[in-house]
Amino acid sequence: MADFTAPLRGDTRKKYAIVGTGGRSIFFYTAIARDYSSTSVIVGLCDVNQTRLNYANSKLESLGHSSVPTYLATDFDRMIAETKPDEVIVTTIDRTHNIYITRALDLGCNVVTEKPMTIDAPRCQSIFDAVSRNPKQRVRVTFNYRYAPHNTKVYELLHSGAIGKVTSVHFEWMLNTSHGADYFRRWHRDKRNSGGLLVHKSTHHFDLVNFWLRTRPATVYAQGDLKFYGKENAELRGVPPSAFYTRANGSEAARKDPFALHLEDHPQLKAMYLDAEHEDAYYRDQSVFGDGISIEDTMNLLVRYRNGAVLTYSLTAYAPWEGFRVSFNGTGGRLEMEVVENSYVNSGGDQAAEGSLERRTITLRKLFEKPQEIEIDDGVGAHGGGDTVLLNDLFGEPTTDEYMRAASHVDGALSILTGIAANRSIATGKVVNVDDVLRIP
């Protein structure tokens, strides 16, 4: 058996293997190769698609990192045995996260997983079982929004008692017709893959509430529908049959569709998906007004937390702008934040553009006092400056964090349980007790 660790003998850097080399993996391997080569090194890549693996290796080489051995998904165990990573980074499609998390733990590796940690209660339970079997290993979930300076500032204000005891939260998130539409072109459009946006996307938002309030969800009531995307909705709006197409590539109708994604116009997307689809028949550019969409685009929740606070939440995936508004009511006043993000298409180009900000404001309104605009530290990089801080937390020299932003498998579970309970509520029309979905220690 080849020993790929030989060139690294005497090297004290932490060794990482990556499973899933689609768009999100670039975030991690670019950071390691470009910014953290003194502390971290990639030793192996794994995917279902060899063309995509080869592209990832070419990107590594362009960043000054040596190429690494590649393995198809069926050879995941062999990759671990031959490359001996300390940690495995999981960036596959959501429904397979649990497979690689549990297997990596059983093979003696720590895990860094992209959110959501997984998509349903049985898969979540399997991760907890694997953690119990392997008490020396740990799972980290990459909630980059926790690290954005404005979100950290909200945590600081709330925990300083600026508005007293928080009694209610209103949280509205808008995905626009660029980023939001992109979930309806990709594998996310099938709820069996992603758990829907209440699990895939809202896990960020529910985690923020858990993080801000340092509490857990108790009950969830939800409503959700597909009101904008999908063929039936387009037909109801009077879209003529000539405008429909299956995918953008090779379609004349798509040339007139502002929602179409033209892979040939995005070199990175073309290399990862269009040039690779002959291996796995995955089409990255499906019509957002086609059939086969089983996720919602309009969602509303009412959540009660263990500390008594209540959240009203909405997610719209076809808004004219991207960003969010969140307001906290407390016994001593009100805290309001608005964040407007720039538009982007996932993995369509510069990773630094993802979640970059147009503007952000935090207003503190104490009872019987004038409103106060809160100063926010400037962040550098994507997702409002959170990505840079998260990456240093993962791959840089260890530092203390008074805000306790690092997220464990428990945090990962608590964030998705709100969405999983919401999905059950949508299906049944009933209030769902979160502990009845999965009881977390």
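Could you tell me whether any residue of the stretch 249-260 is of a type in the set (Gly, Ala, Ser) and surrounded by fewer than 17 Cβ atoms within 10 Å (Cβ to Cβ)? Among the residues of the stretch 249-260, at least one is of a type in the set (Gly, Ala, Ser) and surrounded by fewer than 17 Cβ atoms within 10 Å (Cβ to Cβ), which makes the answer yes.
Within the stretch 420-432, residues that are β-branched (Val, Ile, Thr) sit with their Cβ atoms under 6 Å from residues that are in a strand (DSSP E or B), at 6+ positions apart or across chains, in these pairs: Ile426/Ala222; Ile426/Gly224; Val431/Thr219; Val431/Tyr221; Val432/Val220. In the condition set (1) in contact with a helix residue (DSSP H, G or I) (Cβ under 9 Å, 6 or more places away or on another chain); (2) without any contact (Cβ under 8 Å) to a residue 12 or more places away in the chain, Val68 is compliant with all but (2).
To keep it simple, each residue is scored yes or no on (1) of a type in the set (Ser, Thr, Tyr); (2) under 26 Å from Pro441 (Cβ atoms); (3) touching an Asp or Glu at 6+ places or on another chain (Cβ under 6 Å).
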residue	(1), (2), (3)
Asn49	no, no, yes
Asp77	no, no, no
Val88	no, yes, no
Lys115	no, yes, no
Thr118	yes, yes, no
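Name the residue that is farthest from the chain's Cα centre (by Cα), counting only residues in the stretch 412-436 that are part of a helix (DSSP H, G or I) and of a type in the set (S, T, N, Q). So, considering only residues that are part of a helix (DSSP H, G or I) and of a type in the set (S, T, N, Q), the one farthest from the chain's Cα centre (by Cα) is Thr428.
Among the residues in the stretch 183-196, are any of a type outside the set (Lys, Arg), farther than 19 Å from Ile376 by Cβ, in contact with a Phe, Trp or Tyr (Cβ under 8 Å, 6 or more places away or on another chain) and surrounded by fewer than 19 Cβ atoms within 10 Å (Cβ to Cβ)?
Within the stretch 183-196, the first condition is being of a type outside the set (Lys, Arg), and the residues that meet it are 183-184, 187-188, 190, 193-196.
In the following step, the residues that additionally are farther than 19 Å from Ile376 by Cβ were identified as 183-184, 187-188, 190, 193-196.
Now drop any that are not in contact with a Phe, Trp or Tyr (Cβ under 8 Å, 6 or more places away or on another chain), which leaves 184, 187, 193-194.
Keeping just the survivors that are surrounded by fewer than 19 Cβ atoms within 10 Å (Cβ to Cβ) gives 187, 193.
The answer is yes, given that some residue of the stretch 183-196 is of a type outside the set (Lys, Arg), farther than 19 Å from Ile376 by Cβ, in contact with a Phe, Trp or Tyr (Cβ under 8 Å, 6 or more places away or on another chain) and surrounded by fewer than 19 Cβ atoms within 10 Å (Cβ to Cβ).
Flag: Lys153 matches the condition of being surrounded by fewer than 23 Cβ atoms within 10 Å (Cβ to Cβ), out of contact with any Lys or Arg (no Cβ under 8 Å at 6 or more places or on another chain), at pLDDT 95 or above and on the phi < 0 side of the Ramachandran plot. Taking the stretch 219-241 as the range and being buried (at least 18 other Cβ atoms within 10 Å of the Cβ) and among the small types (Gly, Ala, Ser) as the test, the residues that pass are Ala222, Gly224, Gly230, Ala234. Cβ separations smaller than 9 Å between residues 6+ apart or across chains give the following pairs from the stretch 227-252 residues that are among the aromatic types (Phe, Trp, Tyr) to residues that are surrounded by fewer than 16 Cβ atoms within 10 Å (Cβ to Cβ) and part of a helix (DSSP H, G or I): Phe244/Glu235.
The values are calculated or read from the model by the stated rules, or taken from the named source; none is laboratory data. Predicted, not measured: the structure shown is a model, and the values here were computed from it. Here Cβ is always computed from backbone atoms with ideal geometry, including for glycine, and neighbour counts include all displayed protein chains.
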